[in-house]
Amino acid sequence: MVFRRRSAVYMLLVGALVLFLGPFAWLLDTALKAPDELRALPVHWWPHHPSLNNFRDALTQIDYFGYARNSLTIATLYAVLVTLASAWAGYGFARLNAPGKRLIFNVLLSTMMLPQILTLIPTYLLFAKLHLTNTYVPWVLWGLCGAPYLIFLFRQFFSNMPKELEEAAIIDGCGQFRIFWRIFLPQSWPVIATSLILSFSWTWGDYIAPALLLDDAHTTLAVKLAYGYVNEHGSPLGNLVAAGAVMYVVPVLALFLIVQRGFVAGVATSGLK
């Protein structure tokens, strides 16, 4: 009975793995095909002559590393700033007392229900009037404001920490900022890892904000992949788009593999009371 149950669980896990890896496998399959094979009928499910030339061409047809550097700069800048700002805000909601704190926290959480499309045009008009388009300042400002979901994670984690740590630090003469920086923040590595992964992947994969606020010289790889690979007639080159997209997802996968234990632990422990 136990063996059958375990076998059923393993089969479900394998099925889920195939389901999630299927799109990436198809992307890699397309990246290895020649242009003629993409138009072939009947469909070539597997490349007849796999080649890595598409990856070379994807790197040379556009300034791939230049746009990747732009994406990496924005994603890293935002991830670091939003993690620190969200941790500080989460600490305040968890450990400090102030009138209306619960109401403010509820209002903060309610902002997660606002779809991005509602704030798209006002955001652009605001940054355009401040002459901040074609710069990375918007991502700095977004990072300094924190993110509601990340604030919630830090708040839940800090709420579970023993009050004796805070009381002992106050007796030793520590202020609130020193308590946060020297005691609470070093203990929150699981949530920090979670925040870094989520915020980095949000910005690395974002298409709308860079397309709206940045010109071609400052834009990110996500935007350039959408329209950069075309032939002399302006038609998209699907095999080069696929090759560029395969290389595009590697940094996020590498980041997740490096800090996956902290990511899982952060999500698991932030909800415990």
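The values are calculated or read from the model by the stated rules, or taken from the named source; none is laboratory data. Values in this document were obtained by computation on a predicted structure and should not be read as measured data. Backbone-built Cβ (ideal geometry, glycine too); neighbour counts: all protein chains shown. Areas reflect the complete protein model, heavy atoms only, side chains present, ligands, DNA and RNA absent. Shrake-Rupley method; radii C 1.70, N 1.55, O 1.52, S 1.80 Å.
Pull up segment 80-127, narrow it to residues that are more than 18 Å from Ile151 (Cα to Cα) and among the aromatic types (Phe, Trp, Tyr), then point me to the one that is surrounded by the fewest Cβ atoms within 10 Å (Cβ to Cβ). Steps first, please.
Of all residues in segment 80-127, those more than 18 Å from Ile151 (Cα to Cα) come to 99, 115-127.
Still in the running and among the aromatic types (Phe, Trp, Tyr): 124, 127.
Details: Tyr124: 15, Phe127: 19.
If we take residues in segment 80-127 being more than 18 Å from Ile151 (Cα to Cα) and among the aromatic types (Phe, Trp, Tyr), then Tyr124 is surrounded by the fewest Cβ atoms within 10 Å (Cβ to Cβ).
Given the structure, is Thr135 buried (at least 16 other Cβ atoms within 10 Å of the Cβ), at pLDDT 90 or above and among the polar types (S, T, N, Q)? Walk me through it before giving the result.
Working: buried (at least 16 other Cβ atoms within 10 Å of the Cβ): no; at pLDDT 90 or above: yes; among the polar types (S, T, N, Q): yes.
No; evaluated as a whole, the condition is false for this residue.
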Spot the failing condition for Pro23; the list is (1) under 22 Å from the mean Cα position of the chain (by Cα); (2) surrounded by 10 or more Cβ atoms within 10 Å (Cβ to Cβ), and only one is missed.
(2)
Return only the number of the condition from (1) closer than 17 Å to Leu240 by Cα; (2) assigned to a loop (DSSP other than H, G, I, E, B); (3) free of Cβ contacts under 8 Å to residues at least 24 places away in the same chain that Asp36 does not satisfy.
(2)
Conditions (1) part of a helix (DSSP H, G or I); (2) within 22 Å of Gly244 (Cβ to Cβ); number of the one not met by Thr123:
(2)
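Results for (1) under 22 Å from Thr135 (Cβ atoms); (2) open to solvent by less than 40 Å² (accessible area, probe 1.4 Å), shown as yes or no for each residue.
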residue: Asp172; (1), (2): no, no
residue: Ile179; (1), (2): no, yes
residue: Arg182; (1), (2): no, no
residue: Gln187; (1), (2): no, no
residue: Leu198; (1), (2): no, yes
residue: Asp206; (1), (2): yes, yes
residue: Asp215; (1), (2): yes, no
Restricted to segment 138-148, and to residues that are assigned to a helix (DSSP H, G or I) and not aliphatic (A, V, I, L, M), which residue is most open to solvent (accessible area, probe 1.4 Å)?
Cys145
Of the residues in segment 39-79, those that are open to solvent by 70 Å² or more (accessible area, probe 1.4 Å), over 16 Å from Lys224 (Cβ atoms) and assigned to a helix (DSSP H, G or I) come to Asn53, Arg56
What tally of residues in segment 26-38 results from selecting those that are open to solvent by 100 Å² or more (accessible area, probe 1.4 Å) and closer than 14 Å to Leu237 by Cβ?
1
